[in-house]
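This report concerns only the one structure given below.
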Amino acid sequence: MFKQYMTTGELNPEVQATMKAANDIANGVLSLREAAKLYNIAQDQIVKFIAESAEYDMHFDRRENNGK
């Protein structure tokens, strides 16, 4: 879902809920289970979003640090 959001820019309610869930988990506000239930999103979808986001950040940081 993160990759789809980044390539299309589509910010539908499902993407918004997944982003909020991922943010709440990252900030320690909610557990994965709590976020999935609160935002009505599958746990694996949240995990995949977090993983794709982290992968993007890693590549972006690497490119930025190499001056590319």
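Structure values in brief
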quantity: The range 29-65: number of residues that are touching a residue at least 12 places away in the same chain (Cβ under 8 Å), of a type outside the set (A, V, I, L, M) and out of contact with any Lys or Arg (no Cβ under 9 Å at 6 or more places or on another chain); calculated: 5
quantity: R63 modelled with pLDDT of 95 or more, loosely packed, with under 12 Cβ neighbours inside 10 Å and not in a loop (DSSP other than H, G, I, E, B); calculated: no
quantity: Pairs, first closer than 11 Å to I46 by Cα and at pLDDT 95 or above in the range 16-28, second surrounded by 13 or more Cβ atoms within 10 Å (Cβ to Cβ) and not hydrophobic (A, V, I, L, M, F, W, C), C-beta under 7 Å, six or more apart; calculated: A17/Y39; T18/Q45; K20/Y39; A21/Y39; A22/S53
quantity: Selection status of R33, modelled with pLDDT under 95, out of contact with any Asp or Glu (no Cβ under 9 Å at 6 or more places or on another chain) and not polar (S, T, N, Q); calculated: no
quantity: Subset tally (residues that are assigned to a helix (DSSP H, G or I) and surrounded by 13 or more Cβ atoms within 10 Å (Cβ to Cβ)) for the range 27-53; calculated: 16
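The values are calculated or read from the model by the stated rules, or taken from the named source; none is laboratory data. Note that this is a predicted model, so its numbers are computed, not measured. Neighbour counts run over all protein chains shown; Cβ positions are idealised from the backbone, glycine included.
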